[in-house]
Amino acid sequence: MSESVIAIACDHGGYELKELLKTILLNKGLQLLDLGTDSAESVDYPEFGRAMGNVIESGKASRGILICGTGIGISIAANRNPTVRAAVCHSGLSARLSRQHNDANVLALGARLIGVETALDCVEQFLTTEFEGGRHQRRVDQLGR
Ligand code: RB5
C-alpha cells in the first residue's frame, strides 16, 4: 500500500483544474500518480473513473482525486469498483464529513460547478481529515469492501 501516493484523474472538463491542483500538491511535497487525461480534448469520463478504481484496488495509491465537469459521471464510474468510496463534494465541509463519516478514499470535484478556492478547500479537508470510526465504521463495513 502506497500510503503517501495520491492518484489524480479527470476528463476534459476537469483538465485545467487537475493541472492546477497538481502544481499545488507537488509544491506541498505530495507524491502524485497522474492517470490523465492529458489535454482539454474531449474524452469519456468512464475510462478515467475506472483507472482510478484500478489503482485504488491495487494499492498503488491510497487516495484519489477525480475531476469532471460535475464530478458526477467520473465518481459513478469509480464507485463501480467496490474498493472505491468516491464522494462528490461541493464544500470543505462536505469533504471533511466524507472523511469523518464515510472514510471516502476518493474525492470527486465538479470543475464547472465550483471555483478554485472551494476546490482547494475540499482537497485540503479531504487530505487532512481522519475517519472517525466507531458507529461510522459499522456503516462503512456494510458497504462491502
Ligand atoms: C463532459 O462534457 C461532462 O459531461 C462531464 O465532464 C461530466 O460532467 C459528467 O458527469
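Every read-out reported here was derived from the displayed coordinates using simple, explicitly stated rules and does not represent laboratory data. Just so you know, these numbers come straight off a predicted model, no measurement behind them. We place every Cβ from the backbone using ideal geometry, glycine too, and count neighbours over all the protein chains shown.
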Quickly estimate the mean residue ellipticity at 222 nm for the chain, helices only: each DSSP H run with n ≥ 4 gives -39500 (n - 2.57), and the total goes over all residues, rounded to 500. -13500 deg cm²/dmol
Between exposed GluC sites (Glu not before Pro) in the chain, where DSSP calls loop and at most 12 other Cβ atoms lie within 10 Å, what's the longest gap? 42-129
Residues Arg139 and Ile24, FRET efficiency given R0 of 25 Å [Cβ-Cβ distance, rounded to 0.05]: 0.20
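What percent does the relative contact order of region 52-145 come to when contacts are Cα pairs within less than 8 Å and at least six residues apart? Can you show the working numbers first?
Numbers: 159 pairs, mean separation 28.1, N = 94.
About 30 percent, as a whole number.
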Is region 57-111 rounded, prolate or oblate when judged by the Cα gyration tensor, a ≥ b ≥ c being the square roots of its eigenvalues, rounded requiring a/c under 1.5 and prolate requiring a/b larger than b/c? oblate
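According to the square roots a ≥ b ≥ c of the eigenvalues of the Cα gyration tensor, what is the shape class of region 4-145, taking rounded for a/c under 1.5, prolate for a/b larger than b/c otherwise, and oblate for the remainder? Could you put the intermediate results ahead of the total?
Numbers: a/c = 1.56, a/b = 1.33, b/c = 1.17.
Prolate shape, in that a/c is at least 1.5 and a/b is the bigger ratio.
Classify region 79-121 as rounded, prolate or oblate, taking a ≥ b ≥ c as the square roots of the eigenvalues of its Cα gyration tensor: rounded when a/c is under 1.5, otherwise prolate if a/b is larger than b/c and oblate if not.
Numbers: a/c = 3.22, a/b = 1.53, b/c = 2.11.
It is oblate, given that a/c is not under 1.5 and a/b is not larger than b/c.
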Please order Arg138, Arg145, Arg63 by the number of other Cβ within 10 Å, starting at the fewest. Arg145, Arg138, Arg63
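Ranked by Cβ crowding within 10 angstrom, fewest neighbours first, how are Ile74, Ile65 ordered? Please list the in-between numbers first.
Working: Ile74 32, Ile65 28.
In increasing order of surrounding Cβ atoms, one gets Ile65, Ile74.
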Report, in debye and to the nearest 20, how large the dipole of region 17-145 comes out about its Cα centre when Lys and Arg carry +1 and Asp and Glu carry -1 on their Cβ. 460 debye
